[in-house]
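Presented below is the structure to which this report refers.
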Amino acid sequence: MQRGLEGRVRRLRVAAIPAVFVFLASCASNAPQDSLKPEGPIGHKIDNLFFPVLAVAGVVFVLVQGLIVATIIRHRHRPGRPDPVQVHGNTKLEIGWTVIPALLLVGVAFPTVFTIFDLASEPRGNVLPVDVYGHMWWWEYRYPTLGISTANEMHIPTNTPIRLSLHTIEPGLPAAKGEDFATGVIHSFWVPKLAGKQDVVPGRVNKLTIRASDPGTYQGQCAEYCNLSHANMRLRVVSQTQPDFAGWVAQQKKPVAKPAGGDAAAGYALFTGRGTCVGCHTMQGVEGAVARTGPNLTHLQGRETFAGATFDLTPENLNRWIHDPSAMKPMRPDQGTGMPNLVKTGPHLTDTEINQLVAFLETLK
Ligand code: CUA
């Protein structure tokens, strides 16, 4: 008897370990992608729906499970107990447990449907449209009304609805007849503190509105498995005051400043020539350098990260990256997705040339 009890306690303890880990994981103080700590009006609307529904579901769960457990314990079989009275059917109870859940569901459905329509509605007023393009495995942002484009770190002005049009393209793959680019694969754009997830689907344009009340950086990531580097397809939304945002836009519009001399000038010559970089990357102010297979690098140093907002933008990391991109982030350049190894293929860059390229990339303010 005693030994059976000990075994049961031990099993309970073992079962509790994963539960403790899950519980502790939810206590992280630095959780930049915590959708339960929303920011901005859209995040709060979702939150205002989630918690009341969770409360209703919680009460139902505790009530139903509590009754089941209490009944099991109280009426369990014991030696010498007679069989309980057998009943069949109870009209009052059956009507009750049909009507009450139905009413609860109606009560939950109304705010849910209203919130869904509210979130999907076209925002009014001073709206900033941004075209988002999911690539394998990074994000491209084009601002049609401002004539600028950037990658991975989207800048937005505060207190402005940002209407995103979500596309997926893969310029490294052969396009179908009559199309500019091959359609890519499914991605999902997700910035947990600012809005819900929205799938990015080949052949159609999905819409999503985001809006931030305060300046700050909001982290997000691709939330739909999109092959090899799905986990390295992160993103940031940088919310800025109106004047700061205007300053950022003015900077993004500038063409590249051609370096006067030294390693950076040699790097510029490589970037636009033998290095073949402009075959994939846009460099504003360089004739014909408008490719979209890789990110627009004209103002690379305006970002804190690179390669799908995965690595800190440091000279050391850029150097390591150019030496062997797929060693840092798994990609398939041989299949047209991801940056090729330019040491082993193509221009066969030397260490000196890579230093020159990095010196040039460091000047791209
Ligand atoms: Cu893109 Cu997962």
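Quick look at the values:
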{"item": "Accessible area of the chain divided out per residue, in Å², using a probe of 1.4 angstrom", "result": "58 Å²"}
{"item": "GNM top mover of His77, His167, His323 - the chain, alpha-carbon springs below 10 Å", "result": "His77"}
{"item": "Top of Ala176, Ala231, Ala223 by mean-square fluctuation, Gaussian network on the chain, Cα under 10 Å", "result": "Ala176"}
{"item": "Signed unit charges on C-beta, dipole axis of the chain, positive-most listed residue Thr115, Met136, Ala175", "result": "Thr115"}
{"item": "Whole-percent carbon and sulfur share, accessible surface of region 262-361, 1.4 Å", "result": "54 percent"}
{"item": "Value of relative contact order over region 128-252, rounded to a whole percent, pairs C-alpha under 8 Å and six or more apart", "result": "28 percent"}
{"item": "Nearest-20 debye value, the chain charge dipole, Cβ charges on Lys, Arg, Asp, Glu", "result": "1500 debye"}
{"item": "Cα-based shape type of region 15-58, given that a ≥ b ≥ c are square roots of the gyration tensor eigenvalues and the cut on a/c is 1.5", "result": "oblate"}
{"item": "Neighbour net charge for Thr183 - beta-carbon separation under 11 angstrom, K R +1, D E -1", "result": "-2"}
{"item": "Max mean-square fluctuation residue, GNM over the chain, Cα-Cα springs under 10 Å, options Glu153, Glu353, Glu287", "result": "Glu287"}
{"item": "Under 16 Å from Lys344, Cα to Cα: aspartates and glutamates that are on another chain or at least 8 residues apart", "result": "Asp324, Asp334, Glu353"}
{"item": "Entries in Lys193/Lys253; Lys45/Lys197; Lys254/Lys365; Lys253/Lys365 that, when Cα-Cα distance is taken, lie over 19 Å", "result": "Lys193/Lys253"}
{"item": "Rel. contact order, % - alpha carbon contacts under 8 angstrom, at least six apart, the chain", "result": "15 percent"}
{"item": "Estimated vicinal HN-Hα couplings, Hz - region 305-322 in sequence order (Karplus 6.51, -1.76, 1.60; Gly, Pro = x)", "result": "9, 8, 6, x, 6, 9, 10, 5, 7, 10, x, 4, 5, 5, 4, 4, 4, 5"}
{"item": "FRET efficiency, Asp312 to Thr352 (Cβ-Cβ, R0 30 Å, nearest 0.05)", "result": "0.80"}
{"item": "Cβ-Cβ FRET estimate between Ala176 and Gln301, R0 fixed at 35 Å, reported to 0.05", "result": "0.45"}
{"item": "Val290 paired with Asp83, simple spin-label distance in nm, labels 7 Å along Cα-to-beta-carbon", "result": "8.6 nm"}
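The values are calculated or read from the model by the stated rules, or taken from the named source; none is laboratory data. Please read these numbers as outputs of a predicted model, since none were measured by experiment. Note that we place each Cβ from the backbone using ideal geometry, even for glycine, and neighbour counts take in every protein chain shown. Side chains included, ligands, DNA and RNA excluded: accessible areas come from the protein's heavy atoms. Shrake-Rupley method; radii C 1.70, N 1.55, O 1.52, S 1.80 Å.
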